[in-house]
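The values are calculated or read from the model by the stated rules, or taken from the named source; none is laboratory data. This structure is a prediction, so every number in the text was calculated from the model and none was measured. Cβ atoms come from the backbone with ideal geometry, glycine included; neighbour counts cover every protein chain shown. Surface accessibility is based on the protein's heavy atoms, side chains included, excluding ligands, DNA and RNA. Shrake-Rupley method; radii C 1.70, N 1.55, O 1.52, S 1.80 Å.
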Amino acid sequence: IVLPEDHEPRILRAAAEVLARDICDVTLLGEREQMEQQIRNLGIDLKRAKMIDPKKDHPKILEDYVHTLYELRKHKSLTLEMARELAPTPTYYATMMVYKGHADGFVSGATHSTADTLAPPLRVIKTKPGVSLVSSVFFMCLPDKVLVYGDCALVENPTAEQMAEIAVSAADTARAFDIEPRVAMLSYSTGTSGKGKDVDKVREATELARARRPDLAIEGPIQYDAAISEEVARVKLKGSAVAGRATVYIFPDLDAGNIAYKTVQRSANVPAIGPVLQGLNKPA
């Protein structure tokens with residue numbers, strides 16, 4: 001796993017713990033002297049980590065990355081000179097390592113902006129077969145369980161089709177982390193009680209998601225209280241396999257999702273891990 005944020009103490013401490021627990025091999029990208037000085041300052045052991053200075057090490061590999069990036073993006077007006085400038089930057093270099101199979105995945109976003117973190121994988125790695133949309137989820141780590149919220153960071157105002165795809169991707173992400181997916185398609189209305197284009201979008205998205213993945217438990221439109229509380233569910237949506245026990249919460253737009261995850265995170269003082277990208281052809 002490649003970590004392209006070499007100066008961030010949290011990243012270096014996490015890398016040391018990952019290596020100590022034998023979770024995976026770690027490659028750190030950055031200026032070697034600065035990395036080594038920071039490691040000494042922190043008093044941690046990163047002898048087993050591989051360190052690469054993208055601008056100085058492995059010039060033949062960098063040149064290959066430059067030309068690959070140019071070929072992938074020249075139809076978007078990327079020149080060879082621009083590719084030569086972008087390829088050695090940590091997030092693009094990490095992306096090219098994953099794209100070329102020189103690494104299994106990368107984690108970034110602690111010090112880079114969301115835009116700088118997302119742009120390289122969206123432009124280079126792109127979506128996996130059968131998926132047209134890259135979306136994201138947060139893992140909301142409550143004291144007694146972990147809930148999955150999506151999309152809270154990336155897709156601004158999804159169509160019904162996109163909302164359905166986010167739901168399916170989020171269910172697969174949940175299952176990959178051993179969370180049994182019970183998907184709530186959230187709205188200000190539950191069941192047939194509400195009318196309007198916003199409710200209709202969620203209703204259509206629910207139907208599309210069910211048709212695409214009949215193996216999943218999906219309910220919508222449903223209000224948050226009916227999705228999470230068994231007591232409310234008995235009143236508002238009795239007999240649902242999801243109501244009152246949802247694990248995956250799909251929001252109708254980015255406003256709702258982003259506000260909700262930050263509200264829960266700050267008000268309940270619980271960790272929110274993410275955004276975790278889903279739908280990419282390789283892990284980033």
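Quick look at the values:
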| read-out | value |
| --- | --- |
| Test: residue in region 149-156 that is open to solvent by less than 40 Å² (accessible area, probe 1.4 Å), within 26 Å of Arg73 (Cα to Cα) and in a strand (DSSP E or B) | no |
| Residue in region 190-207 that is hydroxyl-bearing (Ser, Thr, Tyr), touching a strand residue (DSSP E or B) at 6+ places or on another chain (Cβ under 8 Å), under 19 Å from Val242 (Cα atoms) and in a loop (DSSP other than H, G, I, E, B) present | yes |
| Filtered residue count, region 182-200, keeping only those that are among the basic types (Lys, Arg) and within 18 Å of Val248 (Cα to Cα) | 1 |
| Considering residues of region 163-182 that are outside any loop (DSSP other than H, G, I, E, B) and open to solvent by 60 Å² or more (accessible area, probe 1.4 Å) only, the residue nearest to Ala256 (Cα to Cα) | Asp172 |
| Failed item in (1) without any contact (Cβ under 8 Å) to a residue 60 or more places away in the chain; (2) crowded, with 18+ Cβ neighbours inside 10 Å; (3) of a type in the set (Ser, Thr, Tyr), with Ser193 passing the rest | (2) |
| Which numbered condition Gly109 fails, given (1) modelled with pLDDT of 95 or more; (2) under 19 Å from the mean Cα position of the chain (by Cα); (3) under 23 Å from Glu8 (Cα atoms) | (1) |
| Residue list for region 224-255, restricted to those being surrounded by 15 or more Cβ atoms within 10 Å (Cβ to Cβ), touching a strand residue (DSSP E or B) at 6+ places or on another chain (Cβ under 7 Å) and within 18 Å of Ala170 (Cα to Cα) | Tyr224, Ala227, Val242, Ala243, Arg245, Ala246, Thr247, Val248, Tyr249, Ile250, Phe251, Pro252 |
| Within region 36-144, helices (runs of 4 or more DSSP H) holding 2 or more residues that are open to solvent by 60 Å² or more (accessible area, probe 1.4 Å) | 59-73, 80-86, 114-124 |
| Failed criterion for Ile166 (all others in (1) more than 16 Å from Ala272 (Cα to Cα); (2) more than 15 Å from the chain's Cα centre (by Cα); (3) at pLDDT 95 or above hold) | (2) |
| Scope region 9-27; condition of a type in the set (Asp, Glu) and within 15 Å of Met51 (Cβ to Cβ); matching residues | Asp25 |
| Only one of Pro271, Pro275 that is within 17 Å of the chain's Cα centre (by Cα) and over 22 Å from Pro158 (Cα atoms) | Pro271 |
| Any hit, region 166-178, residues being among the small types (Gly, Ala, Ser) and without any contact (Cβ under 8 Å) to a residue 12 or more places away in the chain | yes |
| Pairs where the first residue, in region 30-55, is closer than 11 Å to Ala15 by Cβ and the second is β-branched (Val, Ile, Thr) and open to solvent by less than 40 Å² (accessible area, probe 1.4 Å), C-beta under 6 Å, 6+ apart | Leu46/Ile39; Ala49/Val26; Lys50/Thr27 |
| Asp25 vs. criteria open to solvent by less than 80 Å² (accessible area, probe 1.4 Å) and either within 19 Å of Pro120 (Cβ to Cβ) or at pLDDT 95 or above (or both) | no |
| Number of positions in region 132-152 that are out of contact with any helix residue (DSSP H, G or I) (no Cβ under 7 Å at 6 or more places or on another chain) and of a type in the set (A, V, I, L, M, F, W, C) | 5 |
| Region 256-273: number of residues that are open to solvent by 50 Å² or more (accessible area, probe 1.4 Å) and among the small types (Gly, Ala, Ser) | 2 |
